[in-house]
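Participant: For reference, the structure I am asking about is given below.
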Amino acid sequence: MPAPTAEQQAFLRQKLPANYIPVRPAILELQAWLASPAANDTPTDKAASARQLVGLPDPESGTSAEVLAHIAYRACEAIKLDRGNAAAYFMLARAMTELGRFDDYTYHAVPLREAIDFAEKSRLLAPKVGKAWRSAIELYIRLYRYDMAAHMLDELNESGCAPGTHASLQALLCEVQGYFQNAIQWLNKSISYASSPSKRAELLMHQALDMIELDLKHDADNTFYLAMMEGGPQAWVAHNWSVLKHSLNNWPGCVELNRRALIFDPKFEAAVEMNAFLQGVYAQQGQQLPLPASLQEERLRGMALPGCDDGVLEAERLTPWRPPARGTRARMTRTFRSGLAEGE
């Protein structure tokens, strides 16, 4: 893990992260209510509790702070309606974790510590659900409690209930400790269990980033290609691949991938900053950014990736990108809310 930057250090010195401050009163109120005798006297309404979670996405790294806050409020209400709602505890713990995030490496300790009880409650209520284990184990990893995380990973492995979740968390534990080669191997296993193209794209991108850490940039280049083929128009994949192209002095590829990242998400901050940098470089040479073009990978294979300009697609007679079939490499387990089969 790289040394913290000045921005990361400033974030960690804050008493509370700005995104976490608005939801914390509701969380503290819930904690006090759960600890009081009043909680035991409140009638349970399982149906109303479940309805609180309908339509909510799982809280992940790409979820906006506004949506995370909404999830946290709804999860608090769901728990008050049913203290045995394992999904609500999971959703709340994950939302708190992500509200304490600065970047991929930096999490504020206060939200993480306050989320542990909710994550553990979820795991106790749903010991056969991989997501419940994931919320707790990831918290221990982010808090640098590696021994606890490793012990829980052994328990999860012995249970056999979520091999994909186990593999992805083993990869995360290796990554944060700097064991990138081991992380790549665990990610290979995790990818084989991923149930959707978007999940496989996320795992492939992490694998590419680990390869970069090992200075395997050309291997990472190929892995980013696979991630975009799998995941479709994902701004974070296009941006990180653009950064790699820049480090390889592939300016046309860097510019084109940055253009596509901004098409996929015009507000993606990292891509906006990269675009400003590229415009500055080209302006110093008295030039404007190049017009839309094909990537070298597209020309070699005759197959377009997501975001390829329609004019380029027609002029170069590239085969248009099509999303891969869903679930072709899935291993099945059960989710919290629907009970439907889904890869973990």
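Participant: Pick from Ala119, Ala132, Ala72: which is small (Gly, Ala, Ser), under 20 Å from Leu203 (Cα atoms) and part of a helix (DSSP H, G or I)?
Facilitator: Ala132
Participant: Identify, by number, the condition in (1) within 30 Å of Leu257 (Cβ to Cβ); (2) assigned to a helix (DSSP H, G or I); (3) more than 17 Å from the chain's Cα centre (by Cα); (4) free of Cβ contacts under 8 Å to residues at least 24 places away in the same chain that Asp215 doesn't meet.
Facilitator: Condition (2) is where Asp215 drops out.
Participant: Check whether at least one residue in the stretch 44-61 is within 18 Å of the chain's Cα centre (by Cα) and at pLDDT 95 or above, and report yes or no.
Facilitator: Checking the stretch 44-61: not a single residue is within 18 Å of the chain's Cα centre (by Cα) and at pLDDT 95 or above.
Participant: Just one of Met148, Met96 is assigned to a helix (DSSP H, G or I), without any contact (Cβ under 8 Å) to a residue 12 or more places away in the chain and aliphatic (A, V, I, L, M); which is it?
Facilitator: Met148
Participant: Moving on. Taking the conditions exactly as written (closer than 14 Å to Phe277 by Cα, surrounded by fewer than 23 Cβ atoms within 10 Å (Cβ to Cβ) and aromatic (Phe, Trp, Tyr)), does Trp251 satisfy them or not?
Facilitator: The answer is yes for Trp251.
Participant: Find all pairs meeting these conditions: Cβ atoms under 9 angstrom apart; at least six residues apart or on different chains; first residue within the stretch 25-44 and among the β-branched types (Val, Ile, Thr); second residue in a loop (DSSP other than H, G, I, E, B).
Facilitator: Within 9 Å, the pairs are Ile27/Tyr20; Thr42/Arg83; Thr44/Asp82; Thr44/Arg83; Thr44/Gly84.
Participant: A further question follows. Among the listed residues Ala88, Ala109, Ala136, which satisfies the condition of being surrounded by fewer than 16 Cβ atoms within 10 Å (Cβ to Cβ) and among the hydrophobic types (A, V, I, L, M, F, W, C)?
Facilitator: Of the residues listed, the single one that is surrounded by fewer than 16 Cβ atoms within 10 Å (Cβ to Cβ) and among the hydrophobic types (A, V, I, L, M, F, W, C) is Ala109.
Participant: Across the stretch 281-310, which residue is farthest from the chain's Cα centre (by Cα) among those that are at positive phi and in contact (Cβ under 8 Å) with a residue 12 or more places away in the chain?
Facilitator: Gly302
Participant: Just to be sure before I move on: is Pro4 within 24 Å of Phe268 (Cβ to Cβ), more than 20 Å from the chain's Cα centre (by Cα) and modelled with pLDDT of 95 or more in the structure I sent?
Facilitator: Taking the combined requirement at face value, the residue does not satisfy it.
Participant: Exactly one of these conditions fails for Gly160: (1) under 30 Å from Cys254 (Cα atoms); (2) out of contact with any helix residue (DSSP H, G or I) (no Cβ under 8 Å at 6 or more places or on another chain); (3) not charged (D, E, K, R). Give me its number.
Facilitator: That leaves (1) as the condition not met.
Participant: If we scan the stretch 99-113, do we find a residue that is touching a strand residue (DSSP E or B) at 6+ places or on another chain (Cβ under 8 Å) and either of a type in the set (S, T, N, Q) or closer than 24 Å to Lys189 by Cβ (or both)?
Facilitator: No, every residue in the stretch 99-113 fails to be touching a strand residue (DSSP E or B) at 6+ places or on another chain (Cβ under 8 Å) and either of a type in the set (S, T, N, Q) or closer than 24 Å to Lys189 by Cβ (or both).
Participant: State all residues of the stretch 15-48 that are out of contact with any helix residue (DSSP H, G or I) (no Cβ under 8 Å at 6 or more places or on another chain) and of a type in the set (Gly, Ala, Ser); if no residue qualifies, say none.
Facilitator: Ala18, Ala32, Ala35, Ser36, Ala38, Ala47
Participant: Note down all Cβ pairs under 7 Å where the first residue falls in the stretch 262-280 and is without any contact (Cβ under 8 Å) to a residue 12 or more places away in the chain and under 22 Å from Ser61 (Cα atoms), the second is among the basic types (Lys, Arg) and assigned to a helix (DSSP H, G or I), and they're at least six residues apart or on different chains.
Facilitator: Once the first residue is without any contact (Cβ under 8 Å) to a residue 12 or more places away in the chain and under 22 Å from Ser61 (Cα atoms) and sits in the stretch 262-280, no partner that is among the basic types (Lys, Arg) and assigned to a helix (DSSP H, G or I) comes close enough.
Participant: Name the residue that is nearest to the chain's Cα centre (by Cα), counting only residues in the stretch 158-174 that are part of a helix (DSSP H, G or I) and in contact (Cβ under 8 Å) with a residue 60 or more places away in the chain.
Facilitator: My answer is Thr165.
Participant: Kindly indicate whether any position in the stretch 306-323 is among the aromatic types (Phe, Trp, Tyr) and modelled with pLDDT under 80.
Facilitator: no
Participant: Looking at the stretch 200-210, can you tell me whether even one residue there is assigned to a helix (DSSP H, G or I), in contact (Cβ under 8 Å) with a residue 60 or more places away in the chain, crowded, with 23+ Cβ neighbours inside 10 Å and of a type in the set (Lys, Arg)?
Facilitator: There is at least one residue in the stretch 200-210 that is assigned to a helix (DSSP H, G or I), in contact (Cβ under 8 Å) with a residue 60 or more places away in the chain, crowded, with 23+ Cβ neighbours inside 10 Å and of a type in the set (Lys, Arg).
Participant: Taking into account only those residues within the stretch 58-69 that are in a loop (DSSP other than H, G, I, E, B) and of a type in the set (D, E, K, R), which is nearest to Tyr20 (Cα to Cα)?
Facilitator: Result: Glu60.
The values are calculated or read from the model by the stated rules, or taken from the named source; none is laboratory data. Not measured: the values here are computed from a predicted model. In this analysis, Cβ positions are derived from the backbone assuming ideal geometry, glycine residues included, and neighbour counts consider all displayed protein chains.
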